[in-house]
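The values are calculated or read from the model by the stated rules, or taken from the named source; none is laboratory data. For clarity, every value in this text was computed on a predicted model and none was experimentally measured. Cβ atoms come from the backbone with ideal geometry, glycine included; neighbour counts cover every protein chain shown. Heavy atoms of the whole protein, side chains included, go into the accessibility calculation; ligands, DNA and RNA do not. Shrake-Rupley method; radii C 1.70, N 1.55, O 1.52, S 1.80 Å.
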Amino acid sequence: MTNGDTLGRLGLGPGKKARLHRILYKHGIANGTALFLPYDQGLEHGPRDFFANPAAGDPRYILKLAVEGGFNGIAVQIGLAEKFFWDFAGEVPLLLKLNGKTDIPPDDAALSPLHASVAEAVRLGADAVGYTMYVGTRAQEQDFAQYRQVREDAHRYGMPLVVWAYPRGDAIEAKGGKNSFYAVDYAARTASELGADVVKVNFPRPDKRTGVKPEYDAEFSSQRAVDSVVRSANRTLVLISGGEKAGDGAMIEKARESMEAGATGLIFGRNVWQRPHDESMRFVTKLREVLVKYPR
Ligand SMILES: O=C(CO)COP(=O)(O)O
């Protein structure tokens, strides 16, 4: 499978195109879709996320899982990338998260500070960098300024930029909440407007309170919601995240609706590794069976 026109129409420089090509067409199912394994929850939520499967607290266990499961990439922070990626370099693409924070302080002025640079990502052999942007908080202006430097560096180094676009804060809560259609749709559009190559969003709830086109109001399904989000992102590729552990049936349906709507892929963490190893692998096989039906 080649990249056909898919990457050609995204307006990428050669470095970004080569790296995205490696992620999308040389790993995983290699059909232009992507299944990423995120592993920054130890910072973002703390060790409680490993209680369900203590083995998952060990970065080597997760990296092995990423290789065995044929993931298109693993997303980690600098500390784990420095100490653990070496043994797996070349076997699974590295998506280096450049910023991150704990969930201890309240969300309203959330800002995720930088801990790593695009230059470090190059040194580590990363194929992409990740930036968490909080859309709608009181610190948004500072966030955008910090992001701008990352975007410029990513452009200079030819490094694909994946934005975790997270609506947060009291103003978002007043308009339906962080997973409402309004919030997710606006966050996807924001990442696209600000030059992200890929945007990662939560699966939108078909919330009718704000931002929904009047003609959709009668029956606004989750399928329609995710479809609109993909269109709001236009030439920025969309990844849908997993969220808290849920039933396999619901997760597979979420995956199917996302891919049917035109998402490029999935970034599922807790639903993959908060369970014993064999169950994880079975679940990953089911996700791959969805992705294989949607070549990009
Ligand atoms: O991208 C993610 C975290 O960085 C998504 O992780 P979860 O699937 O565990 O919600």
Working only within the range 122-151, note down all residues that are more than 16 Å from the ligand (Cβ to nearest atom) and within 24 Å of Glu82 (Cβ to Cβ).
Val122, Arg123, Leu124, Gly125, Asp127, Gln146, Tyr147, Gln149, Val150, Arg151
Looking only at the range 36-55, filter to residues that are within 11 Å of the ligand (Cβ to nearest atom) and among the hydrophobic types (A, V, I, L, M, F, W, C); which one of those is most open to solvent (accessible area, probe 1.4 Å)?
Leu43
Are any of the residues in the range 67-76 touching a residue at least 24 places away in the same chain (Cβ under 8 Å), buried (at least 20 other Cβ atoms within 10 Å of the Cβ) and assigned to a helix (DSSP H, G or I)?
no
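I'd like to know if the range 126-134 contains one or more residues that are outside any strand (DSSP E or B), surrounded by fewer than 17 Cβ atoms within 10 Å (Cβ to Cβ) and not basic (Lys, Arg).
No, that holds for no residue.
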Is there a residue being crowded, with 23+ Cβ neighbours inside 10 Å, of a type in the set (A, V, I, L, M), in a helix (DSSP H, G or I) and touching a helix residue (DSSP H, G or I) at 6+ places or on another chain (Cβ under 6 Å) anywhere in the range 146-162?
yes
Does the range 143-153 contain any residue that is aromatic (Phe, Trp, Tyr), more than 21 Å from Val226 (Cα to Cα) and out of contact with any Gly (no Cβ under 6 Å at 6 or more places or on another chain)?
yes
Which numbered condition in (1) open to solvent by less than 10 Å² (accessible area, probe 1.4 Å); (2) touching a helix residue (DSSP H, G or I) at 6+ places or on another chain (Cβ under 7 Å); (3) not in a loop (DSSP other than H, G, I, E, B) is the only one that Tyr61 fails?
(1)
Enumeration of residues in the range 228-253 that are in contact (Cβ under 8 Å) with a residue 12 or more places away in the chain, within 14 Å of the ligand (Cβ to nearest atom) and open to solvent by 60 Å² or more (accessible area, probe 1.4 Å)
Glu244, Lys245
Yes or no: the range 85-100 includes at least one residue that is within 16 Å of the ligand (Cβ to nearest atom) and more than 24 Å from Leu266 (Cα to Cα).
no
Where a residue in the range 256-270 is without any contact (Cβ under 8 Å) to a residue 24 or more places away in the chain and its partner, wherever it lies, is near the ligand (Cβ under 6 Å from one of its atoms), with Cβ under 8 Å and at least six apart
none
Residues of the range 163-200 being closer than 22 Å to Leu35 by Cα, part of a strand (DSSP E or B) and either open to solvent by less than 20 Å² (accessible area, probe 1.4 Å) or not aromatic (Phe, Trp, Tyr) (or both), which ones?
Val163, Trp164, Ala165, Val198, Val199, Lys200
